[in-house]
Amino acid sequence: MKNFIGVIISIVLISSFASRDRSGIQGTIDPPEGAKRIWAVNGKDTVSIIPTPGSFIMDVKPGSWKLVVEAVLPYKNAERESILVIDGQITDIGLIKLTD
């Protein structure tokens, strides 16, 4: 039992230190069901995710990123330029409102 508790404590400590080193972009989408895929582009680096309805968080390297929200019809794609991601921080870009 003591070993089990020690393993749990170790996992929690490692997770808390690992999350400090996370760099990325997060935001929300309105309407929540409007985004099919989200792309982040920095030079030749490209990262894409399928967002959960209404919000997203994606891990990217530090640097300046362009974000493209691929929308479902009848909504139009949306873009954000020059998103600065700093090492060990999550950049919150706030609300992206999709238009139709």
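Ordered from highest to lowest accessible area with the whole protein assembly present and a 1.4 Å probe, Thr28, Thr52 read as Thr52, Thr28. What residues from the range 35-56 fall in the zone where the backbone N is under 18 Å from a label point 7 Å along the Cα-to-C-beta line of Arg80? Inside the label zone: 35-43, 46-56. The H on the amide N of Ile96, modeled in the peptide plane, is under 5 Å from the matching H of Thr28, Ile29, Asp30, each at least 5 residues off or on a different chain. In order along the range 39-48, phi translates into HN-Hα couplings of 10, 10, 10, 9, x, 8, 7, 9, 10, 9 Hz, rounded to whole numbers, per the Karplus curve 6.51 cos²θ - 1.76 cosθ + 1.60 with θ = phi - 60° and x for Gly and Pro.
In a DSSP loop and with at most 15 other Cβ atoms within 10 Å, there are no chymotrypsin sites (Phe, Trp or Tyr not before Pro) in the range 20-88. The trypsin sites (Lys or Arg not before Pro) found in the range 32-78 that occupy coil by DSSP, while having at most 13 further C-beta atoms within 10 Å, are Lys44, Lys76.
In terms of its alpha-carbon gyration tensor, the range 37-93 comes out prolate; a/c meets the 1.5 threshold, and the first ratio a/b outweighs b/c. Only protein atoms count toward the accessible area here, which uses a 1.4 Å probe; on the range 14-95, the carbon and sulfur part of that area reaches 54 percent. Near Ser23, the amide H atoms lying under 5 Å from its own belong to Val60, Gly88; only residues 5 or more places off or on other chains count, and H is placed 1.01 Å from N. Residue-wise HN-Hα couplings along the range 87-93, as the Karplus relation 6.51 cos²θ - 1.76 cosθ + 1.60 with θ = phi - 60° gives them from phi, are 3, x, 10, 9, 8, 8, 8 Hz; Gly and Pro carry x.
Residues in the range 60-71 carry Karplus couplings, in order, of 9, 6, x, x, 9, 10, 9, 10, 10, 9, 7, 8 Hz; the curve used is 6.51 cos²θ - 1.76 cosθ + 1.60 with θ = phi - 60°, and Gly or Pro positions show x. Taking a straight Cα-Cα cut-off under 18 Å and skipping sequence neighbours fewer than 8 places away in the same chain, the aspartates and glutamates within cross-link reach of Lys97 are Asp30, Glu33, Glu70, Glu79, Glu81.
Between Asp30 and Asn42, full extension at 0.36 nm per residue minus the direct alpha carbon distance yields a gain of 1.9 nm.
The values are calculated or read from the model by the stated rules, or taken from the named source; none is laboratory data. This structure is a prediction, so every number in the text was calculated from the model and none was measured. A quick note on method: Cβ atoms are made from the backbone with ideal geometry, for glycine too, and the neighbour counts reach across all protein chains shown. Just so you know, the surface numbers come from the protein's heavy atoms only, side chains and all, with ligands and any DNA or RNA stripped out. Shrake-Rupley method; radii C 1.70, N 1.55, O 1.52, S 1.80 Å.
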